[in-house]
Every structure is written in structure tokens, then in C-alpha cells.
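Please read the structure below before turning to the comments.
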Amino acid sequence: MKPTDIRVPDYFHKVVDCQWACPAHTPVPEYIRLIAAGRYSDAYLVNWKSNVFPGILGRTCDRPCEPACRRGRVEENNGGDATKSKAEPVAICRLKRVCADHKDVDEIKAGMPRPVAKKNGKRIACVGAGPASLTVARDLVPLGYHVTVFEAEKKGGGFMRTQVPRFRLPEEVIDEEVGYILDLGVDFRGNSRIDSMQKLLTEGYDAIFVGSGAPRGRDLDLPGRREAAKHIHIGLDWLASVYFEHIKAIGKRVIVLGGGNTAMDCCRSSRRLGGEDVKVIVRSGFEEMKASPWEKEDAMHEGIPILNYLVP
Ligand code: SF4
């Protein structure tokens with residue numbers, strides 16, 4: 001057996017299951033201890049350092065940390081849903097929202113990295129102002145790089161702003177957390193779509209980061225698809241149209257095909273736009289659906305049935 005090398009951070013990450021399960025390896029026990037001590041701003045800054053958008057993630061993260069929580073292994077039922085025999089994990093994700101909602105904004109601003117005295121002369125271009133580019137900017141500006149972020153829309157935030165419905169993620173939370181990053185000294189160019197990489201390459205940047213976004217939604221070429229095109233929408237595009245207010249209403253009877261979190265956002269948005277009889281139809285079984293259990297729960301709580309094992 002090899003000796004433990006405690007210089008490798010993975011050693012500590014693996015010891016704490018939830019921290020290891022989190023893609024950002026957020027030090028979960030550390031920030032929960034700070035919350036317990038009433039130190040919300042410190043808890044927020046611990047999160048900010050590792051996952052960049054604590055207020056946004058506290059509302060939207062898919063929480064891979066929670067199934068890894070040891071709490072589920074030490075107690076039969078620890079006071080969660082009494083109908084479930086399995087113990088509930090610690091509410092790691094929602095606790096992130098707790099520190100984001102209760103922090104002191106002045107303390108957060110004081111805890112942000114200071115501007116560097118001397119720039120290093122390197123110029124970086126980021127294409128798109130979604131979470132990937134903003135994270136690159138956040139990490140490089142304090143090291144002395146000049147970072148320019150080009151964004152086709154007026155404001156930064158990418159899919160977080162345009163595809164996550166407002167009832168799940170208020171716009172002011174996005175403005176605040178995008179703002180913390182831009183205020184570090186990022187050269188932000190809104191309404192600046194990059195149409196030619198070739199042209200950008202001639203502008204003398206030392207490096208270009210393309211953070212142009214998550215994949216698009218998938219179409220389904222079913223019989224009748226084209227004839228009924230006016231009434232059929234692709235989930236992610238439709239959510240963006242709702243955000244930009246191109247779509248303000250929907251018919252009374254709505255069918256959402258698919259069982260991922262986008263489908264849950266679509267059915268719940270449909271409800272709010274006038275859909276009275278909204279149904280989700282999935283090919284898989286209910287348990288096998290891609291959507292997170294809490295997203296399914298919220299949809300059903302709003303009176304939206306999920307019909308499983310139905311192939312469109
Ligand atoms: S809620 Fe998300 S970001 Fe936070 S610890 Fe869990 S996986 Fe990581």
C-alpha cells in the first residue's frame with residue numbers, strides 16, 4: 001500500500017464525500033460550520049472561492065454532493081420526509097442560498113481580490129459571458145491579466161440568465177454575482193457578438209477562451225412535426241424566448257416531451273403563461289427520468305402530471 005501523500009489536495013477531498021462529489025470540490029463542512037456560527041459572509045466567500053456563483057447555485061445546482069452525504073448512511077430517518085425510509089442528506093445546496101441571502105454585501109466586497117498593482121501585459125479574450133468565461137475572468141484578472149469578455153447580449157450571465165426561469169432564479173441574484181466578477185476590472189463588451197474567430201485572432205490577444213455555451217435543445221422529427229410547427233417549440237429556445245418576452249402566453253393544453261430539468265422548467269413556465277392542462281410525457285420510467293427529484297416534486301406540486309413509459 002502506498003503511503004498517503006497529504007500534499008495532494010485530492011486526499012482531503014476524498015475523505016469528505018460531499019466535497020469529493022461536488023465538481024468544484026467546495027469545502028462543504030467548512031462553510032456549514034461558518035453558517036452555524038452565524039458567519040454568513042465568510043461562508044459565502046468560502047463558496048465564492050470554489051464555485052464562483054453561490055447565490056445562483058444555491059437555487060439551481062443539481063447537487064451531486066447531496067446523494068454522497070454521509071447522513072444518509074448513519075440514520076434510518078433523520079426527520080425528513082416521514083414516508084421515506086431513507087434518511088435525508090444535509091441540505092447542502094440550500095445552505096449555500098442561506099449564506100448568499102444573509103451575507104453582508106459590504107463584507108463580501110471587502111473580501112474580493114484587490115486589483116493588482118502592476119498588470120502582466122497579457123491580453124485574454126473570452127467569447128461569451130456565461131459561467132465559464134466569467135470564471136476564467138475572475139481567476140485571471142487578479143493575476144494581472146487584461147481580460148476582455150465579448151457577449152452577444154446586453155448583460156452577462158449566459159444560460160443562467162436566459163434559460164433558467166425567473167421563478168427559480170431571480171434576475172437580481174444574477175446581476176449581483178455577475179457584477180462581483182465584472183467589478184474586479186473585467187473589460188466587458190455587451191452587445192458584441194463574435195462572428196469571426198479569424199478577425200479576433202488578428203487583434204493581438206495572447207489567448208482566446210471560447211465559452212460560447214451549453215448545447216442546444218434537440219428536435220424530434222415525428223410525423224406531423226412540420227405541419228404543426230407553429231405550435232411546437234424546442235425547450236431551451238422556448239425558455240430563452242420567454243426570458244426575452246418574445247413569448248408571453250401559451251395555449252391552455254400543453255404537452256412537454258422529455259424528462260430532464262429543462263422539461264421541468266418548460267412545464268412550470270407553461271403553467272405561469274396560461275397553460276391549464278399541462279402534462280409531461282416521458283419514455284422512461286418515473287425513477288429513471290433525468291430530472292432531479294426535487295424538480296419533479298415541484299412540477300407535480302403545481303398540479304402537473306408526469307406520464308411515464310409513453311413513447312411519442
Ligand atoms: S450544491 Fe453544487 S456547488 Fe454546492 S457543494 Fe453541492 S455540488 Fe457543489
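Restricting things to Cα coordinates, could you compute the convex hull volume per residue of the chain in Å³? List each step's numbers first, then the result.
Details: hull volume 62.5 nm³, N = 312.
Dividing the Cα hull volume of the chain by its residues yields 200 Å³.
Taking the Cα centre of segment 1-78 as origin, sum charge times position over the Cβ atoms of Lys and Arg (+1) and Asp and Glu (-1), and report the length of that vector in debye to the nearest 20. Walk me through the intermediate numbers first.
Working: 11 positive and 9 negative charges, 26 e Å.
Using only the charged Cβ atoms, the result is roughly 120 debye.
In whole percent, how big is the carbon plus sulfur part of the accessible area of segment 170-226, probe 1.4 Å, protein atoms only?
Working: 1900 of 3890 Å².
Here carbon and sulfur together make up 49 percent of the probe-accessible area.
Would you mind computing, in nm to one decimal, how far apart the modelled labels at A24 and F286 are, each placed 7 Å from Cα along Cα→Cβ?
3.3 nm
Which one, M112, S196, G128, projects farthest toward the positive side of the charge dipole computed for the chain from Cβ point charges (K/R +1, D/E -1)?
Result: S196.
Rounded to the nearest 20 debye, what is the charge dipole size of the chain about its Cα centre when +1 sits on each Lys and Arg Cβ and -1 on each Asp and Glu Cβ?
Values: 47 positive and 42 negative charges, 77 e Å.
Magnitude of the dipole: close to 360 debye.
Going through the cross-link list K96/K290; K14/K122; K2/K96; K199/K290, which pairs have a Cα-Cα distance over 32 Å in this structure?
Exceeds cut-off: K14/K122; K2/K96; K199/K290.
In segment 277-304, whose amide N lies under 20 Å from the spot 7 Å out along Cα-to-Cβ of D62? List them in ranges.
Counting only backbone N, you get 281-300.
Taking the full set of protein chains and a 1.4 angstrom probe, give the accessible area of V74 in square angstrom, rounded to the nearest 10.
Counting only protein heavy atoms, V74 exposes about 100 Å² to solvent.
Using 1/(1 + (r/R0)^6) with R0 = 41 angstrom and r between the beta carbons of L310 and V105, what's the FRET efficiency to the nearest 0.05?
Values: r = 48 Å, r/R0 = 1.17.
Once the sixth-power term is evaluated, E becomes 0.30.
Are there trypsin sites (Lys or Arg not before Pro) in segment 98-187 that DSSP marks as loop and that have at most 16 other Cβ atoms within 10 Å, and which are they? Before the final figure, lay out the partial values.
On the way: sites: K103, K109, K118, K119, K122, R123, R138, K154, K155, R161, R166, R168; in loops: K103, K118, K119, K122, K154, K155, R166, R168.
Passing sites in segment 98-187 are K118, K119, K122, K154, R166, R168.
At what distance in angstrom do the alpha carbon centres of segment 233-290 and segment 132-210 lie from each other?
28 Å
Measure off 7 Å from each Cα along the Cα-to-Cβ vector at A117 and V8, then give the distance between these two points in nanometres to one decimal.
3.8 nm
Name the residue farthest towards the positive end of the dipole of segment 123-210 from the options Y205, L169, F159, assuming +1 on Cβ of Lys and Arg, -1 on Cβ of Asp and Glu, about the Cα centre.
Farthest towards the positive end: F159.
For every other residue with a beta carbon closer than 13 angstrom to the beta carbon of Y145, add +1 if it is Lys or Arg and -1 if Asp or Glu, then tell me the sum. Each step should come with its number before you reach the end.
Values: positive: K118, K119, K122, R123, R138; negative: D139, D187, D206.
Once all neighbours under 13 Å are counted, the net charge is +2.
With the contact rule set at Cα under 8 Å and sequence spacing of 6 or more, what percent relative contact order holds for segment 9-111? Mind showing how you got there, number by number?
Details: 142 pairs, mean separation 31.7, N = 103.
Worked out over segment 9-111, it gives 31 percent.
With the contact rule set at Cα under 8 Å and sequence spacing of 6 or more, what percent relative contact order holds for the chain?
Details: 483 pairs, mean separation 37.1, N = 312.
Here the relative contact order equals 12 percent.
Suppose all protein chains stay in the model; what accessible area per residue would a 1.4 Å probe give for the chain, in Å²?
Counting only protein heavy atoms, the per-residue value for the chain is 58 Å².
How far apart, in nm, are the 7 Å Cα→Cβ label points at A37 and E203?
Modelled inter-label distance: 4.5 nm.
Per DSSP helix of 4 or more residues, -39500 (n - 2.57); summed, then divided by the residues of the chain. What does that give at 222 nm, rounded to the nearest 500? Display every interim value, and only then the final one.
On the way: 15 runs with 123 residues, N = 312.
-10500 deg cm²/dmol, from helical runs alone.
E172 to R70: extension gain in nm, 0.36 nm per residue of separation minus the Cα-Cα distance? The partial results should precede the final answer.
Numbers: separation 102, 0.36 × 102 = 36.72 nm, distance 3.41 nm.
So the chain would gain 33.3 nm between E172 and R70.
Within 10 Å, at most 15 other Cβ atoms, and a DSSP state outside H, G, I, E, B define an exposed site. Report the longest part of the chain free of exposed GluC sites (Glu not before Pro). Kindly include the intermediate steps, with their values, before the conclusion.
On the way: sites that count: E75, E76, E203, E227, E245, E276, E287, E288, E302.
Longest gap between qualifying sites, sites excluded: 77-202.
The values are calculated or read from the model by the stated rules, or taken from the named source; none is laboratory data. For clarity, every value in this text was computed on a predicted model and none was experimentally measured. Neighbour counts run over all protein chains shown; Cβ positions are idealised from the backbone, glycine included. These area figures cover heavy atoms from the full protein model, side chains too; ligands, DNA and RNA do not enter into them. Shrake-Rupley method; radii C 1.70, N 1.55, O 1.52, S 1.80 Å.
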